[in-house]
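Colleague: Mind looking over this structure? Questions follow.
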Amino acid sequence: MKQKICIIGGTSLMESKIFAGWAKIAVKNKYGRVNIYQKGSVIFVQRHEGNVPPHKINYRAYIQALADRGVKKIISVNSVGSLKKSIKVPGLLLPHDFISPWHIPTFFNNEIKHVRPQFSERLRNVIIKCCRRLKTPIYERGIYWQAIGPRFETPAEIKMLARFADVVGMTLGSEATLASEKGIEFAAICSIDNYANGVAGEVNYEQVKAGAKKNLANLEILLKDFLTII
């Protein structure tokens with residue numbers, strides 16, 4: 001029997017049809033309610049379902065739901081802004097590390113436990129292999145900076161972030177941290193949908209959605225290939 005795997009999607013997969021028709025399952029746990037979508041051993045979670053903004057996402061509810069259902073691997077798909085002109089839009093980046101120093105979620109509020117959040121190199125290598133037939137810029141390493149949101153960063157903030165990271169988003173670090181606490185293998189695919197504010201002019205949400213559409217076809221090819229071989 002295949003181990004259960006989950007794809008977590010956000011802005012970059014809002015227009016995707018590859019999960020259409022999957023069984024919808026409403027899950028309730030002590031952290032809240034969440035809908036998951038399942039087909040065989042694969043589960044899909046849309047983190048923004050119901051138009052939930054990034055700072056209101058109930059990460060603990062769906063990571064707990066995945067752990068309860070025996071999920072052993074998570075691939076998180078994230079819309080990001082490029083912090084550098086050398087990291088092109090559109091394109092895909094496979095982060096090997098992240099920075100998320102604020103509002104760190106945890107399951108360990110009432111006990112002393114310390115985990116080492118990390119990306120699975122095994123899963124990353126499988127994703128890298130699946131990227132080889134894609135006709136888009138692929139960045140096999142990079143550092144993701146998690147901002148709090150929901151606003152975009154100022155140009156001054158972006159200049160600071162660019163000294164330490166390659167892309168900026170609002171969700172990945174929280175998911176990676178909680179997955180590590182549950183002992184779930186974790187890797188991520190970043191859809192580079194826009195340049196961060198000030199890198200190549202001003203940014204707005206319409207630009208982000210337009211960039212996501214440009215990356216969608218390659219994302220869907222990548223996910224389908226990944227799920228056939230994992």
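The values are calculated or read from the model by the stated rules, or taken from the named source; none is laboratory data. Quick caveat: nothing in here was measured; it's all calculated off a predicted structure. Cβ: placed from backbone, ideal geometry, glycine included. Neighbour counts: every protein chain shown.
Colleague: I'm trying to understand the selection: among the residues of region 74-104, which are more than 11 Å from TYR144 (Cβ to Cβ), more than 13 Å from the chain's Cα centre (by Cα) and not hydroxyl-bearing (Ser, Thr, Tyr)?
Modeller: LYS84, LYS85, ILE87, LYS88, VAL89, PRO90, GLY91, PRO101, TRP102, HIS103, ILE104
Colleague: Moving to a separate point now. What's the number of the condition ASN125 fails, among (1) of a type in the set (S, T, N, Q); (2) without any contact (Cβ under 8 Å) to a residue 12 or more places away in the chain; (3) surrounded by 20 or more Cβ atoms within 10 Å (Cβ to Cβ)?
Modeller: Result: ASN125 fails condition (3) only.
Colleague: Within the bounds of region 51-60, is there any residue that is touching a helix residue (DSSP H, G or I) at 6+ places or on another chain (Cβ under 6 Å), in contact (Cβ under 8 Å) with a residue 60 or more places away in the chain and either under 26 Å from GLU153 (Cβ atoms) or of a type in the set (S, T, N, Q) (or both)?
Modeller: Taking every residue of region 51-60 in turn, at least one turns out to be touching a helix residue (DSSP H, G or I) at 6+ places or on another chain (Cβ under 6 Å), in contact (Cβ under 8 Å) with a residue 60 or more places away in the chain and either under 26 Å from GLU153 (Cβ atoms) or of a type in the set (S, T, N, Q) (or both).
Colleague: Filter region 186-218 down to the residues that are surrounded by 21 or more Cβ atoms within 10 Å (Cβ to Cβ) and hydroxyl-bearing (Ser, Thr, Tyr), then identify the one that is nearest to the chain's Cα centre (by Cα).
Modeller: Checked region 186-218; the qualifying residue nearest to the chain's Cα centre (by Cα) is SER191.
Colleague: Sticking with this structure for a sec: Quick one: which of LYS2, LYS28 is without any contact (Cβ under 8 Å) to a residue 12 or more places away in the chain and either of a type outside the set (Asp, Glu) or in a strand (DSSP E or B) (or both)?
Modeller: Result of the check over LYS2, LYS28: LYS28.
Colleague: Limited to region 138-165, what total is found for residues that are buried (at least 24 other Cβ atoms within 10 Å of the Cβ) and either among the charged types (D, E, K, R) or under 20 Å from VAL45 (Cα atoms) (or both)?
Modeller: 1
Colleague: Check ARG124, ARG141, ARG133 and return the single one that is closer than 30 Å to LYS39 by Cβ, of a type outside the set (Gly, Ala, Ser) and modelled with pLDDT of 95 or more.
Modeller: None of the other options fit; the residue is ARG124.
Colleague: Filtering region 90-122 down to residues that are out of contact with any strand residue (DSSP E or B) (no Cβ under 7 Å at 6 or more places or on another chain) and among the aliphatic types (A, V, I, L, M), which residue is surrounded by the most Cβ atoms within 10 Å (Cβ to Cβ)?
Modeller: VAL115
Colleague: Can you tell me which residue within region 67-120, out of those that are assigned to a loop (DSSP other than H, G, I, E, B) and polar (S, T, N, Q), is farthest from SER174 (Cα to Cα)?
Modeller: SER86
Colleague: Taking the criterion of being crowded, with 19+ Cβ neighbours inside 10 Å, β-branched (Val, Ile, Thr), more than 21 Å from VAL27 (Cα to Cα) and touching a strand residue (DSSP E or B) at 6+ places or on another chain (Cβ under 6 Å), would at least one residue in region 70-83 satisfy it?
Modeller: Checked against the condition, which is being crowded, with 19+ Cβ neighbours inside 10 Å, β-branched (Val, Ile, Thr), more than 21 Å from VAL27 (Cα to Cα) and touching a strand residue (DSSP E or B) at 6+ places or on another chain (Cβ under 6 Å), region 70-83 yields at least one hit.
Colleague: Select, from ALA217, ALA188, ALA212, ALA179, the only residue that is without any contact (Cβ under 8 Å) to a residue 40 or more places away in the chain, closer than 30 Å to VAL71 by Cβ and not in a loop (DSSP other than H, G, I, E, B).
Modeller: Step by step, each of ALA217, ALA188, ALA212, ALA179 is checked, and only ALA217 is without any contact (Cβ under 8 Å) to a residue 40 or more places away in the chain, closer than 30 Å to VAL71 by Cβ and not in a loop (DSSP other than H, G, I, E, B).
Colleague: Just one of (1) in contact with a Pro (Cβ under 7 Å, 6 or more places away or on another chain); (2) crowded, with 16+ Cβ neighbours inside 10 Å trips up HIS55, so point out which.
Modeller: Only one criterion in (1) in contact with a Pro (Cβ under 7 Å, 6 or more places away or on another chain); (2) crowded, with 16+ Cβ neighbours inside 10 Å is unmet by HIS55, namely (2).
Colleague: Can you tell me which residue within region 1-34, out of those that are small (Gly, Ala, Ser) and in contact with a Ser or Thr (Cβ under 9 Å, 6 or more places away or on another chain), is farthest from PHE107 (Cα to Cα)?
Modeller: Here the residue is SER12.
Colleague: Oh, and also: Name the residues in region 65-87 that are without any contact (Cβ under 8 Å) to a residue 60 or more places away in the chain and of a type outside the set (A, V, I, L, M, F, W, C), would you?
Modeller: Hits for region 65-87 are ASP68, SER86.
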